[in-house]
Each structure stands twice: as C-alpha cells, then as structure tokens.
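What follows is a single structure, written as structure tokens, with notes after it.
Each value in this text was obtained by applying a stated rule to the coordinates, not by laboratory testing. Please read these numbers as outputs of a predicted model, since none were measured by experiment. Using ideal geometry, Cβ is built from the backbone for each residue, glycine included, and neighbour counts are taken over all protein chains shown.
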Amino acid sequence: MKNEKGFTLIEMMIVLLVISILLLITIPNVTKHNSKINTTGCDAFIKMVQAEVQSYYMDTNEYPVDMDALADAGYVQEGQKTCPNGKAVVISSTGEVSAESTP
C-alpha cells in the first residue's frame, strides 16, 4: 500500500467535538445578551422620538397627541411606533416620551 496522507476518522471526530463544544458555549451567551441589546435600542429610539416631539412642538406650538399624529406630520416613519423590544411608545400631554408594555 502507498502511504496516503489525510485525516483519519478519529481526527475528524475530535475536530467536530471541539467545534460542537465551542458552539454550546457561545450560543447561550449570544441569546442572553439579546434582551439587553433590545432594551438599549429602545432607549435610543425613545430619545430619537423625544427629539422629534420637540421639533414638532417648535413647528406647531403644541405637543402631538400620540405616535400617529407624529407619523402623519412626517416626523417619524409609519412603521416606527414600537420599540425593538416590542413595547409601545407613548407620548404624554407634556411631551414626555416613554415605553409601555403592550397588554
């Protein structure tokens, strides 16, 4: 027989075992941080909407009643009414923007 070079079945099984262990370690860490990422995105979105509410107030001398009024005036896009984590964005009568859980 010739001396053929290549990987044996045992070597390939060891490599697959190492890759599997690495995946088992990393996937839970990525999914654990998903909620933190969505919360941070929601905070940034609320600050952006707060700036748009102030811009709306400077243009009209009144605060928008809700996100629909802000979207109708063209300050936010029509699909941007909720945070990335699913919470609804609410505008108070004094122009304060907050996120509330949807019922």
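Sort out which residues of region 19-72 are in contact with a Phe, Trp or Tyr (Cβ under 7 Å, 6 or more places away or on another chain) and closer than 15 Å to VAL89 by Cβ, and write them in order of number.
Within region 19-72, GLU52, VAL53, TYR56, TYR63, PRO64, LEU70 qualify.
Please find, among VAL30, VAL15, the residue that is part of a helix (DSSP H, G or I), among the hydrophobic types (A, V, I, L, M, F, W, C), surrounded by 10 or more Cβ atoms within 10 Å (Cβ to Cβ) and more than 13 Å from the chain's Cα centre (by Cα). Talk me through it step by step, then tell me what you get.
Details: VAL30 fails: surrounded by 10 or more Cβ atoms within 10 Å (Cβ to Cβ).
Criteria check complete, one pass: VAL15.
Failed condition for SER35, given (1) in contact (Cβ under 8 Å) with a residue 12 or more places away in the chain; (2) surrounded by 11 or more Cβ atoms within 10 Å (Cβ to Cβ); (3) closer than 20 Å to GLU100 by Cα, with all others met?
(2)
The rows are residues; the columns are (1) on the phi > 0 side of the Ramachandran plot; (2) in contact with a Pro (Cβ under 7 Å, 6 or more places away or on another chain); (3) part of a loop (DSSP other than H, G, I, E, B).
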| residue | (1), (2), (3) |
| --- | --- |
| CYS42 | no, yes, no |
| ILE46 | no, no, no |
| ALA51 | no, no, no |
| GLU62 | no, no, yes |
| ALA69 | no, no, no |
| VAL76 | no, no, yes |
| GLY95 | yes, no, yes |
| SER98 | no, no, no |
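Of the numbered conditions (1) surrounded by 13 or more Cβ atoms within 10 Å (Cβ to Cβ); (2) under 17 Å from the mean Cα position of the chain (by Cα); (3) in a loop (DSSP other than H, G, I, E, B), VAL89 fails exactly one; give the number of that condition.
Evaluating VAL89 over (1) surrounded by 13 or more Cβ atoms within 10 Å (Cβ to Cβ); (2) under 17 Å from the mean Cα position of the chain (by Cα); (3) in a loop (DSSP other than H, G, I, E, B) leaves (3) as the failure.
Output the qualifying pairs, or none if there are none: Cβ atoms under 7 angstrom, residues six or more apart or on different chains, first residue in region 66-93 and in contact (Cβ under 8 Å) with a residue 40 or more places away in the chain, second residue among the acidic types (Asp, Glu).
Taking only residues 6 or more apart or on different chains, the pairs are LYS87/GLU100; ILE91/ASP66.
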